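In what follows, a single structure is set out as structure tokens and then discussed.
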Amino acid sequence: MSELKDCPLQFHDFKSVDHLKVCPRYTAVLARSEDDGIGIEELDTLQLELETLLSSASRRLRVLEAETQILTDWQDKKGDRRFLKLGRDHELGAPPKHGKPKKQKLEGKAGHGPGPGPGRPKSKNLQPKIQEYEFTDDPIDVPRIPKNDAPNRFWASVEPYCADITSEEVRTLEELLKPPEDEAEHYKVEILDPTPGKHYSQRWAQEDLLEEQKDWGPGQQLGKSEAQHEQPEDGENIISPMEDSPIPDMSGKESGADGASTSPRNQNKPFSVPHTKSLESRIKEELIAQGLLESEDRPAEDSEDEVLAELRKRQAELKALSAHNRTKKHDLLRLAKEEVSRQELRQRVRMADNEVMDAFRKIMAARQKKRTPTKKEKDQAWKTLKERESILKLLDG
Amino acid sequence: MALVSADSCIAELLTELHQLIKQTQEERLQSEHNLVNVQKTHEQMQTENKMRGLYTTAKADAEAECNLLQKARDKIAEIKSLLEERRIVAKIPGLYNDSKPPRKTMRRGVLMTLLQRSAMTLPLWIRKPGDKPPPLCGAIPASGDYVARPGDKVAAPVKAVDGDDQGILAEVVSYSHATNKYEVDDIDEEGKERHTLSQNRVIPLPQWKANPETDVEALFQKEQLVLALYPQTICFYCALIHVPPQRPQDDYSVLSEDTFYADSYPPPLNVAQRYVVAYL
């Protein structure tokens, strides 16, 4: 089954704790009959050992749940794909079952949309209140209004940070967390041309040379052209050491170096690093050819190819970083969900506040009319107060 | 008479604990069997449905094992609380004619051993899926209206002999709702004067350990300022966290200000999770 290769399960190694080694007291207690019983002094060590067993079992449980979830999601995905592509009758049996729960889930999420909507008025309530304050000032003191603008601007600037979390934001987070489908594709590296090109130090040196040429004019061209001829030769010889006979190379290099003018020799200094590396490998090959050194097994071309090795290193870093990001996003999603539930509670507190205020106003009105509030009003006031207390307790707890 | 019945109660509970432990082991054997099956199927995965079924069984087994272990742990806690109650009741003089009068002061070594044991056997908070650590677990502070019960240990800002410390380890005797004040006793000087402190100055010590493998947010992090009990004393000092615990049984490694080392920083000290609280 080709699908097995893409299976995203991690295939954890589930081993239960070896209680013989790690929990000796527990093992001893097991071996005894019930008549012997457990002594009070053994309680402490027993407790620690039970805690070890318990934390290992609960970790196993969590991992199993995560794996089951991955398996279900993967099967859903496969089921949908199959459903779309093939649409055969006998296959419709299994996939629609996966398809329907998925649709229900989406609808459930959409239902949350209007929920946090009323949460928004909180910030909007602040601003109209401030504006009311402004309006009452208006007839009294016209020139003062521009100065009082600062609070408005402050609240406006702070608002995006304090605003309620909407379900859309939670959904965006969840989408960000969706399984990385095509990551494997991104990590493939195809080597089109294994022969490395010119080393960047050489190329830059050449470019600098050309610039100087432009600056100094055509007078220096003769010397430069010689230097230019030298550079490509140097480049080839230095970077690609995979020649069969090292000796002719070295002699060729020497002749090249002898015939060079002062400027290329000056230019040779930046190349000292690749130069020594290739020199070492050429000496090694020479010795191997002479039979003085045993030829080591050549490792894969990765180690010879610096660029590929670097790429692999960066890929590993990237993988670690994206794994770290995923855990952070998971945490963020969990915190966001908790915050959403707390927001709903706060919303209920606000509504309870309004009810309490209504009851208060009724009682005040009754007092103003110099009559005692009716039992009904008193009961309602107490009821709203108690409701508000209970919601507040939920919020705190 | 009450003492005798408490004893028989404890004996009963111990028998029940033994039974629970035996049941737990049976459950673990069974889940081990299933886990072996899971391993085998990992290697030759024929259909995903079979895999899913096995995972579900393994999940159910793990849940059952967790439940039994949790019950056994709760049983131990019950036994311990009974023992503790007996100790507190025995402290009230004159209640039992045949019991010895309570010791006024304990030897220092005995006290230190007791403190160490109490730190070691602080129950570990096990996270269930969808749960989060409660107040008084590790670094999580108590909720606003929390009232410590008699017998709970707290950090009380009472000046001890040398003036550098920030508080002492004390045990709550009673709480008065009317005045919002606690009466606390020094941990090793029973019989000396009781201190009366207002509620917001007394810091309750954690009642659960946080598991570093699952609940990192319930632990103090490096460089956080805390109040920690200086080892082998009963005084709390300001300290900076050096290394938080890596495994559930580990201690915090803290750096404390210590006037004894005038020139350099004193070496880090190991303090158990039980005796590290936030510095307010």
Legend entry - Tally of residues being of a type in the set (D, E, K, R) and farther than 27 Å from A:T45 by Cα across region B:132-146: 1
Inset, instruction - Kindly establish whether B:E48 is at the interface with another protein chain (Cβ under 7 Å from one of its Cβ atoms), over 20 Å from A:L30 (Cα atoms) and at pLDDT below 80. - result: yes
Legend entry - A:E49, sole failed condition from (1) facing chain B (nearest Cβ under 9 Å); (2) at pLDDT 75 or above; (3) buried (at least 17 other Cβ atoms within 10 Å of the Cβ): (1)
Inset, instruction - Scan region B:195-226 residue by residue and report those that are of a type in the set (A, V, I, L, M), buried (at least 16 other Cβ atoms within 10 Å of the Cβ) and more than 11 Å from B:P133 (Cβ to Cβ). - result: B:L197, B:V202, B:I203, B:L205, B:V226
Inset, instruction - Could you grab the pairs with beta carbons closer than 8 Å, sequence gap of 6+ or different chains, first residue in region B:55-81 and free of Cβ contacts under 8 Å to residues at least 60 places away in the same chain and at the interface with chain A (Cβ under 8 Å from one of its Cβ atoms), second one of a type in the set (F, W, Y) and surrounded by 17 or more Cβ atoms within 10 Å (Cβ to Cβ)? - result: B:A58/A:F14
Legend entry - Residue tally, condition hydroxyl-bearing (S, T, Y) and within 10 Å of chain A (Cβ to nearest Cβ), over region B:1-40: 3
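Yes or no, residue by residue, for (1) at pLDDT 80 or above; (2) within 26 Å of B:A60 (Cβ to Cβ):
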position	(1), (2)
A:Q10	no, yes
A:P24	no, no
A:E34	no, no
A:A57	yes, yes
A:W74	no, yes
A:D80	no, no
A:K85	no, no
A:R88	no, no
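Tally the residues that are within 7 Å of chain B (Cβ to nearest Cβ) and either hydroxyl-bearing (S, T, Y) or crowded, with 16+ Cβ neighbours inside 10 Å (or both), restricting the search to region A:31-43.
Residues meeting the conditions: 2.
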Legend entry - Test for B:E27: is it of a type outside the set (G, A, S), in contact with a Leu (Cβ under 7 Å, 6 or more places away or on another chain), surrounded by 13 or more Cβ atoms within 10 Å (Cβ to Cβ) and modelled with pLDDT under 75: no
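The values are calculated or read from the model by the stated rules, or taken from the named source; none is laboratory data. Worth saying up front: this structure is predicted, and the values here are computed from it rather than measured. Heads up, the Cβs are rebuilt from the backbone with ideal geometry, glycines too, and the neighbour counts pull from every protein chain shown.
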